[in-house]
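Peer 1: Okay, here's the structure, questions in a sec.
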Amino acid sequence: MLKLLIVSLYFILPAYVANMMPVIAGKLSLPGGKPISERWFGLHKTWRGFYAGYFGALVVLVVQAILARNRIMEDYAILNYLGGGFLESLLMAFGYAFLFGVGAIFGDLVKSFLKRRIGIKPGASWFPLDQLDFVIGAMLCLWPFVELPGQVVAMVLVATPVVHFLVNVLGYLVGLKKVWW
C-alpha cells in the first residue's frame, strides 16, 4: 500500500506543482496577470497562472527524467521518461509537461466555470472539486497517451484531498494563501 501511494504521488507530482504555480507566480508578480476571462472564470484565473502551471510541471518532469536516466526512483515511475537519447528524453518531458500542466490548469478552469454558473463566489469552497479538479484535468489529458493503472488513479483521487489540505495549511503558514482550507 505504501509503494502504491509513493508511485501515485510521484506520478501526479507534476500536476500538483502545476496547480501551485499560479499562486507562487502571482506572489512573485510575474507578467501576464490579466484574467483569461473574468466573465467565465473570475478575476483570479490569469494567463500568468496558465504559463506558470506549464513551467512548474516542466521543471518537475525534467528532474524526473534526470532521475530516470540515473536509475533513481525507477521502482516508483510509471511514465516512460527515457527516449533513445537525452534530447528525446527532454522532448518527452516537454510533452508530458503540456499534458500535466495544461491539463491541471484546464481542470481548474472548468471547475471555476462551473462555480460561476451555479453562483459560487471565487475563493468559496466547493468540496471535493476544489481538491480534485486539477488532477482530474491532468489525468484526462494524459489518458489518450499514457496507460494509467486503475489503482494509481484511485490512489490519486483518495490521497489528493489529504495532500491538498496539508499543502494549503503550509501555504497559509508561509503567507502564500489567505485561508488555510
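Peer 1: Which one of ALA65, ALA124, ALA52 has the biggest mean-square fluctuation once the chain is modelled by GNM with Cα springs under 10 Å?
Peer 2: ALA124
Peer 1: Moving on. Calculated from DSSP H runs of 4 or more alone, at -39500 (n - 2.57) each and per residue, what is the 222 nm mean residue ellipticity of the chain, nearest 500?
Peer 2: Numbers: 7 runs with 119 residues, N = 181.
Computed mean residue ellipticity for the chain: -22000 deg cm²/dmol.
Peer 1: Let me ask something additional. Rank these for me by crowding, TYR54, TYR172, TYR96, going from fewest to most other beta carbons within 10 Å. Walk me through the intermediate numbers first.
Peer 2: On the way: TYR54 21, TYR172 14, TYR96 26.
Lowest count first: TYR172, TYR54, TYR96.
Peer 1: Shifting gears a bit: Would you list LEU5, LEU166 from fewest to most Cβ contacts within 10 Å?
Peer 2: Values: LEU5 15, LEU166 10.
Listing LEU5, LEU166 from fewest to most nearby Cβ atoms yields LEU166, LEU5.
Peer 1: Additional query: Just how large is the dipole of segment 1-108 about the Cα centre, in debye to the nearest 20, putting +1 at every Lys and Arg Cβ and -1 at every Asp and Glu Cβ? Provide the component values of the computation, followed by the final result.
Peer 2: Values: 8 positive and 5 negative charges, 58 e Å.
About 280 debye.
Peer 1: At q = 0.14, 0.27 Å⁻¹, what log₁₀ I(q)/I(0) does a Debye calculation on the Cα points of segment 27-95 give, no solvent, two decimals?
Peer 2: For segment 27-95, the Cα-only Debye profile gives -0.57, -1.10.
Peer 1: Let me know the Rg and Dmax you get for the chain when you use only its Cα atoms, in Å.
Peer 2: Using the Cα atoms of the chain, the pair Rg, Dmax is 16.3, 51 Å.
Peer 1: Here is a further query. I want to verify a result. In a Gaussian network model of the chain, Cα cutoff 10 Å, which of these has the top mean-square fluctuation: PHE113, PHE100, PHE134?
Peer 2: Residue with maximal mean-square fluctuation among PHE113, PHE100, PHE134: PHE113.
Peer 1: Using a Gaussian network model on the chain with a 10 Å cutoff between Cα atoms, which of LYS111, LYS45, LYS27 fluctuates the most?
Peer 2: Taking springs between Cα atoms under 10 Å, the residue moving most is LYS27.
Peer 1: Give me the one-decimal nm value for the distance between modelled label points at VAL146 and ILE66, 7 Å along each residue's Cα-to-Cβ direction.
Peer 2: Modelled inter-label distance: 1.9 nm.
Peer 1: Quick one: what Rg and Dmax do you get for segment 86-181 from the alpha carbons, in Å?
Peer 2: 15.3, 49
Peer 1: Counting other beta carbons within 10 Å of each residue's own, what order do ARG69, ARG116, ARG39, ARG48 fall into, fewest first? Mind showing how you got there, number by number?
Peer 2: Working: ARG69 13, ARG116 18, ARG39 8, ARG48 21.
Ascending Cβ contact count within 10 Å gives the list ARG39, ARG69, ARG116, ARG48.
Every number in this text was worked out from the coordinates using simple rules, so none of it is lab data. Only a predicted model underlies this, so the values are computations on that prediction, with no experimental measurement involved. Positions of Cβ are backbone-derived with ideal geometry, glycine not excepted, and every protein chain shown enters the neighbour counts.
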